[in-house]
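Written below as structure tokens is the structure these notes are about.
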Amino acid sequence: MLQERSDHSFSYLYDNYSGALFGVIKSIIADEETVRDVLQEVFINIWKKIDTYDPGKGRLFTWMLNIARNAGIDKIRSRSYRDGLKNQPLPNDVNTYANQSVKPIIDDYGLRKQINRLRQEQKILIELSYFQGFTHEEIARSLSIPLGTVKTRIRSALIELRTMVR
């Protein structure tokens, strides 16, 4: 049905998945206008790449979630985004925003309970890598642990999460 690329198929995708994908992107990017722009780019990308989706490799939602997550991370790493942040005026009362932080709303996906069951070292790495957008190299540098250890721990955490979810 989706490979036919009908208007109905696109409407179905957007109506059923835009809210969740918006939440994923919002967990990476704070500015809602930018999130909406990225979400639009994500759906265009999904529509162009729908032929590459392989149901044998995973669920449609997981495939789309990865596209959205990667687009959000690509956006915050882009030079234009970083330059735009430099040119933002400070609010009148900076202290109003001091205690606010952008945390992913992953409870909507039922992942927080599963992630909390992981060992502490795995939880930290999953948080940094998947929800804060750090590369493995950046994580290794900031935590002062070898890159191979970071990769191994993340991989074992993902395998463990996959087992928990099934």
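With the structure loaded, tell me whether D37 is of a type in the set (D, E), part of a helix (DSSP H, G or I), open to solvent by 20 Å² or more (accessible area, probe 1.4 Å) and modelled with pLDDT of 90 or more or whether it fails that test. Step through it out loud before you land on a result.
Values: of a type in the set (D, E): yes; part of a helix (DSSP H, G or I): yes; open to solvent by 20 Å² or more (accessible area, probe 1.4 Å): yes; modelled with pLDDT of 90 or more: yes.
Judged against the criteria, D37 is a match.
Cβ-Cβ distance below 8 Å, separation of 6 or more or different chains: which pairs start in the range 43-55 with a residue that is open to solvent by 70 Å² or more (accessible area, probe 1.4 Å) and end on one that is modelled with pLDDT of 90 or more?
K49/I67
Of everything in the range 57-69, what is modelled with pLDDT under 90 and either open to solvent by 70 Å² or more (accessible area, probe 1.4 Å) or β-branched (V, I, T) (or both)? Give them in sequence order.
K57, R59, T62
The values are calculated or read from the model by the stated rules, or taken from the named source; none is laboratory data. What you see is a predicted model; the values in this text were computed from it and never measured. Cβ coordinates were reconstructed from backbone atoms using ideal geometry, including for glycine residues, and neighbour counts include every protein chain displayed. Ligands, DNA and RNA are excluded from the accessible area calculation, which covers all protein heavy atoms including side chains. Shrake-Rupley method; radii C 1.70, N 1.55, O 1.52, S 1.80 Å.
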